[in-house]
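Reviewing the structure listed below.
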Amino acid sequence: MKRIALAFPLGVDHLAEVAFGIRSFKGSDHWQFLSNPERHRLEIRDLKNWDGDGIIAQINTEEEAEIIKSLNIPCVNISGVLESSPVSRVRADYYGMGKKAAEFFLKKGFKNFAFYGIKSVWYSRETFRAYADVLNQYGYEAQLYEAPSGVSVDWSFTNDGLEKFLVDLPEQTALLAAHDPRAVEVLQVCSKMNIKVPQKVSVMGVNNDVVNCELISPSLSSVARNGRELGLKVAEILEDLMNDKTRVEDIVIPSGEILERNSTAVLSIYNPEIAKVIEYIRLNVMQQVNVESAAKHIGRSRRWLEYHFKEELRQTPLEFISSVRAEKAKDLLESDPSQRISEAAFKLGFSSSNQLNKYLVKFYGMTAKEIRNNQQN
């Protein structure tokens, strides 16, 4: 049996997914894992005199990097706190997450943007860089506010800087946080300061830590990671390293989908005719609404509607109708367990269950069956 240390927090949702991915590696049947079940986290400093076979770790500081190098044990790093890793690293696509968030907010019609980041943390800078790059392509800028890492500060303090930053934001601002805990902090400050979410500030986090996202009110939208895929790749790389293969540079695992919850459940609309069309679509989605009927509702041509709708929301009317149908289908599947999936698809204008599943996966990251199973569990 090979002895493998898991030096990262197993009690965090997205990292638990990484652990499941590691365990899915066929070779892990012959691994014995070392962790700290009492605290759910094995610290790198606890490994100073350890002589195991392999390590999977979050290397967050230069001190931890030095400890790992001194051990001379094959190690894979899964942290993006430091820009460069002292050992092989498999990491999430931070740039891709920032890009997805920006595109999501643009499609909702936002013209004001903000980012809450972490000082001196590389993955925060990368996420912001992507967010800003996409927005700049459309002529927008994101206001940036950063605070020190929670590792080094007392979180019982009052973050006056964040309070002022949020109060000063214009109406209808889309805010992305570097990770879910920062986004939760934003929601807590908004509650304290009576800032309406999502009406004044629409808030999104990163990592989709379900406990964080679901327990806060309003519930938090978040960009998911592909944790299990990342964990599987980590295990494969570690196995190679333990077999004396050469160190690899960063391997980047593409980000998952955006899981939308109440913190972003709003559209930022400036054109009153487009607002009227959106209301019509939402009210009539069960009546097989289409682009032609939506244009007729406001006395405009289909061409006019498609042009101005895309200008306002960065998506076509047909794409928006599909998203509303997917939303309604999810509601139907969750509220009525007896509703057949094919019947729900037909009611909402999808040609088949497969087409319905395509949109549900696109907007919610789950098939109709998975949504129903989640509801029953």
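Computed from the coordinates by the stated procedures, all read-outs in this text should not be read as laboratory data. Predicted model only: the values in this text are computed from it and were never measured. Cβ sites come from the backbone with ideal geometry, for glycine too, and all protein chains shown count toward neighbours.
Across every pair of different alpha-carbon atoms, what Kirkwood hydrodynamic radius in Å does the range 311-377 reach? Don't skip to the end; give the middle numbers.
Working: mean 1/r = 0.0833 Å⁻¹.
That comes to 12.0 Å for the range 311-377.
Neighbouring Cβ atoms within 10 Å as the yardstick, rank 304, 31 fewest first.
Working: 304 13, 31 21.
If I rank by nearby Cβ atoms, fewest first, I get 304, 31.
Please order 23, 225 by the number of other Cβ within 10 Å, starting at the fewest. Don't skip to the answer; put the middle values down first.
Values: 23 15, 225 26.
So the ranking, lowest neighbour count to highest, is 23, 225.
Assuming 0.36 nm per residue, please report the length gained on full extension of the stretch residue 199 to residue 308 beyond their Cα-Cα distance.
That pair, residue 199 and residue 308, stretches by 37.0 nm at full extension.
Can you spot the lysines whose alpha carbon is less than 24 Å from residue 69's alpha carbon? Ignore those fewer than 8 places along the same chain.
By straight Cα distance, residue 69 reaches 2, 48, 233, 245.
Could you pull out the pairs from 200/362; 310/362; 99/310; 100/330; 111/347; 107/369 whose alpha carbons sit more than 24 Å apart here? Working shown, then result.
Numbers: 200/362 27 Å; 310/362 19 Å; 99/310 19 Å; 100/330 22 Å; 111/347 35 Å; 107/369 27 Å.
Long pairs (Cα-Cα over 24 Å): 200/362; 111/347; 107/369.
State, to one decimal in nm, how far the label point of residue 243 lies from the label point of residue 83, with both points 7 Å from Cα in the Cβ direction.
So the label points at residue 243 and residue 83 sit 3.5 nm apart.
Explain nothing, just the number: relative contact order of the range 272-376, from Cα pairs under 8 Å at least 6 residues apart, as a whole percent.
23 percent
Tell me the net charge near residue 45. Cut-off is 9 Å between Cβ atoms, residue 45 excluded, with +1 for each Lys or Arg and -1 for each Asp or Glu.
-3
With the contact rule set at Cα under 8 Å and sequence spacing of 6 or more, what percent relative contact order holds for the chain?
Relative contact order of the chain: 16 percent.
For the chain, what does -39500 (n - 2.57) per DSSP helix run (n ≥ 4), summed and divided by total residues, give at 222 nm, in deg cm²/dmol to the nearest 500?
Per the formula, -14000 deg cm²/dmol.
How much net charge surrounds residue 197 when only other residues with a Cβ under 13 Å from its Cβ are counted (Lys, Arg +1; Asp, Glu -1)?
With Lys, Arg at +1 and Asp, Glu at -1, the neighbours total +2.
Under the rule of at least 5 residues apart or a separate chain, name every residue whose amide H is placed under 5 Å from the amide H of residue 143.
Here the answer is 113, 114, 115, since their amide H atoms fall under 5 Å of that of residue 143.
Given a Förster radius of 51 Å and the C-beta distance between residue 192 and residue 33 as r, what FRET efficiency does 1/(1 + (r/R0)^6) yield to the nearest 0.05?
0.80
Restricting to bridges with both residues inside the chain, how much of the DSSP beta-bridge set is antiparallel, in percent to the nearest 5? Numbers along the way, then the final one.
Numbers: 2 of 37 bridges.
Beta bridges within the chain, antiparallel portion: roughly 5 percent.
Please rank 89, 41, 129, fewest neighbouring Cβ atoms within 10 Å first, as an exposure proxy. Intermediate values should be presented prior to the final figure.
Working: 89 23, 41 18, 129 14.
Ascending Cβ contact count within 10 Å gives the list 129, 41, 89.
Label point 7 Å out from residue 171 along Cα-to-Cβ: which residues of the range 259-286 have amide N under 14 Å?
268-272
Calculate the all-directions average of the projected area of the chain's alpha-carbon convex hull, and give it in nm².
Dividing the Cα hull surface by four gives the mean projection, 20.7 nm².
Using only Cα atoms, figure out Rg for the range 41-123 and give it as a multiple of 2.2 N^0.38 Å.
Working: Rg = 17.1 Å, N = 83, 2.2 N^0.38 = 11.8 Å.
The reported ratio for this selection is 1.45.
Full-extension gain between residue 251 and residue 361, please, as 0.36 nm times their residue separation minus the C-alpha to C-alpha distance.
Value of the extension gain: 37.1 nm.
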